[in-house]
Amino acid sequence: MDAEEGKKTVQMEFVRRMPQPQELMRDHPVSAGLKARKAERDRRITEILTGKDPRFLLIIGPCSADREDAVLEYMHRLAEVEKQVSSRLMIIPRVYTNKPRTRGVGYKGMLHQPDVGKEEDLLAGIIAIRRLHTRILEETGFSCADEMLYPSNYSYLSDLLSYVAVGARSVENQEHRLVASGLGVPVGMKNPSAGDIRVMMNSIAAAQSPQEFIYRTWEVHTPGNPLAHAILRGYVDNFGRSHANYHYENLRELLNLYGESGLQNPAVIVDANHNNSGKQYLEQIRICKDVMHSRALDSDIRALVKGLMVESYLEDGSQEVGGGVFGKSITDPCLGWEKTRELILKLAELAEQITGGKT
């Protein structure tokens with residue numbers, strides 16, 4: 001069966017050939033200086049996750065990176081605050097350029113729709129997300145975090161990202177687990193939407209193990225990713241009610257599971273939003289402080305909890321797509337800038353109290 005006959009067996013319209021990652025990198029290159037900057041940040045993040053550096057990670061930024069100008073404005077402000085807290089916190093900007101949709105419809109992120117006022121355009125989207133990540137690194141020195149919603153698309157940003165998250169809907173997927181095993185940066189595996197922590201632990205085990213599989217038409221072998229770790233984000237029960245899993249007891253349970261598992265580099269990032277907050281974005285402030293309190297009480301929890309994830313943008317709350325408020329989320333509600341700045345400074349203060357000022 002030739003290619004044309006093969007196309008007829010599926011109900012898909014083959015619109016155009018997308019560029020290979022190498023082609024996109026050639027046309028939109030990253031300088032040697034920026035590569036070195038990213039490599040240094042990768043090293044520092046690794047040292048935090050492996051316990052060699054006592055600083056605390058803060059993965060923070062918009063729920064969705066919906067427009068370049070607003071995201072860059074946010075990143076420049078974040079870079080100024082980072083100067084005040086860098087001895088206690090390491091900030092990894094959250095720049096999520098593709099968004100999962102529960103029902104498969106709606107705004108799917110900059111990858112699909114680089115201009116929210118226009119139709120979806122995936123070719124323009126992959127160029128736009130690469131340009132955004134490059135500009136952030138170039139203008140602020142930040143290499144960022146993004147969600148690996150589509151495993152095959154990671155390669156378009158592989159030379160720019162310092163952190164990757166696998167979402168609650170994806171963590172049970174075989175391909176996500178196997179691809180995570182071959183990434184050279186930390187990968188956070190979220191607990192699934194229904195909350196089964198052992199499913200998350202299985203995903204970490206798969207990501208830390210050597211694997212063989214097909215990726216972008218190649219047979220590939222991976223060594224396993226020792227920096228794969230947990231993200232707790234809360235969960236939803238059968239009645240649609242949110243439940244938190246960031247409390248001290250939840251962290252002790254996770255610590256016990258890590259002890260039973262034999263996994264490398266036990267670590268967890270606590271996502272302060274989503275079902276941990278019931279999507280009540282202001283609750284993120286209290287939740288962050290609660291997690292820091294748990295770390296202060298228990299040295300084992302302190303060693304396990306390596307960071308927090310916070311959804312934050314220029315303006316409080318959220319708006320409908322096309323709402324027109326600059327820097328206000330068009331997906332989940334986020335903390336506005338002033339609250340964000342205050343929270344970062346407070347977390348740095350708490351981190352310093354916990355470590356006794358040691359860096």
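The values are calculated or read from the model by the stated rules, or taken from the named source; none is laboratory data. The model shown is predicted, which means the values in this text are computed figures rather than measured ones. FYI the Cβ positions are ideal-geometry reconstructions off the backbone, even for glycines, and counts take in every protein chain you see. Heavy atoms of the whole protein, side chains included, go into the accessibility calculation; ligands, DNA and RNA do not. Shrake-Rupley method; radii C 1.70, N 1.55, O 1.52, S 1.80 Å.
Given q = 0.21 Å⁻¹, what are the Debye log10 I(q)/I(0) values for segment 3-161, with equal point scatterers placed on the Cα positions and solvent ignored? Reported log10 I(q)/I(0), two decimals: -1.46.
Between the amide H of G195 and those of V236, distances stay under 5 Å, these residues lying 5 or more places away or on another chain, with hydrogens modeled in the peptide plane.
Under a model in which nothing but the beta-carbon of Lys, Arg (+1) and Asp, Glu (-1) is charged, segment 24-110 shows a dipole of about 300 debye around its Cα centre.
Matching the structure-derived Rg and Dmax of the Cα atoms in Å against the labelled list [x] 19.9, 59; [y] 22.6, 72; [z] 19.8, 68 gives the label [z].
The accessible surface of the chain, taken with every protein chain in place and a 1.4 Å probe, is 48 percent carbon and sulfur. Counting only Cβ charges, +1 for Lys and Arg and -1 for Asp and Glu, the dipole size of the chain around its Cα centre is about 540 debye.
Stokes-Einstein D for segment 76-217 at 37 °C, 0.692 mPa s, Kirkwood Rh over Cα pairs, in µm²/s? For these conditions, the coefficient is 201 µm²/s.
A helix-only calculation puts the chain at -12500 deg cm²/dmol for mean residue ellipticity at 222 nm, using -39500 (n - 2.57) for each DSSP H run of at least four residues, averaged over all residues. Once the Cβ-Cβ distance of E349 and E80 is raised to the sixth power relative to R0 = 25 Å, the FRET efficiency obtained is 0.90.
Helix 248-261 and the longest principal axis of the C-alpha atoms of the chain enclose an angle of approximately 60°. Let me know the shape class of segment 29-74, please: from the alpha-carbon gyration tensor, a ≥ b ≥ c as square roots of the eigenvalues, rounded when a/c is under 1.5, otherwise prolate if a/b is greater than b/c, or oblate. Oblate is the answer for segment 29-74, as a/c is 1.5 or above yet b/c matches or exceeds a/b. The 3J(HN,Hα) values that the Karplus relation (6.51, -1.76, 1.60; θ = phi - 60°) gives for segment 164-172 are, in residue order, 10, 10, 9, x, 4, 7, 9, 5, 8 Hz. Gly and Pro appear as x. Just to confirm a number: summing +1 for Lys and Arg and -1 for Asp and Glu over residues other than D115 whose beta-carbon lies under 15 angstrom from that of D115, what do you get? Overall, the nearby charge balance is -2. A Förster radius of 51 Å, combined with the Cβ-Cβ distance separating E23 from E249, puts the computed FRET efficiency at roughly 0.50. Distant-in-sequence amide contacts of A228, defined by a placed amide H-H separation under 5 Å and a gap of 5 or more residues or a different chain, comprise V187.
For K35 and E13, the FRET efficiency from 1/(1 + (r/R0)^6), where r spans their Cβ atoms and R0 equals 41 Å, is about 0.60.
Phi angles across segment 325-336 convert, under the Karplus curve 6.51 cos²θ - 1.76 cosθ + 1.60 with θ = phi - 60°, into 3J(HN,Hα) values of 8, 5, x, 10, 4, 10, 10, 6, x, 10, 5, x Hz, Gly and Pro given as x. Close amide-amide hydrogen proximity is noted between E147 and T97, N98, A165, each under 5 Å apart and 5 or more residues distant or on a separate chain (H modeled in the peptide plane; Pro and chain starts excluded). Nearest 10 degrees, 0 to 90: what angle lies between the long axis of helix 283-297 and the longest principal axis of the chain (Cα atoms)? Once rounded, the angle reads 50 degrees. With respect to the chain, whose longest principal axis is taken over its alpha-carbon atoms, helix 197-208 is tilted by about 70°. Please work out the C-alpha center-to-center distance from segment 291-341 to segment 148-224 and express it in whole Å. When both Cα centres are located, 24 Å separates them. Bridgeable lysines around K306 (alpha carbons under 27 Å apart, same-chain partners fewer than 8 residues away excluded): K35, K38, K52, K83, K99, K190, K279, K289, K339, K346, K358. Please identify which residues in segment 16-47 have an amide N closer than 15 Å to a label point set 7 Å out from the Cα of E120, following the Cα→Cβ vector. Of the residues in segment 16-47, 16 have backbone N under 15 Å from the label point off E120. Label sites at D237 and H112, each approximated as a point 7 angstrom past Cα along Cα to Cβ, lie 3.1 nm apart.
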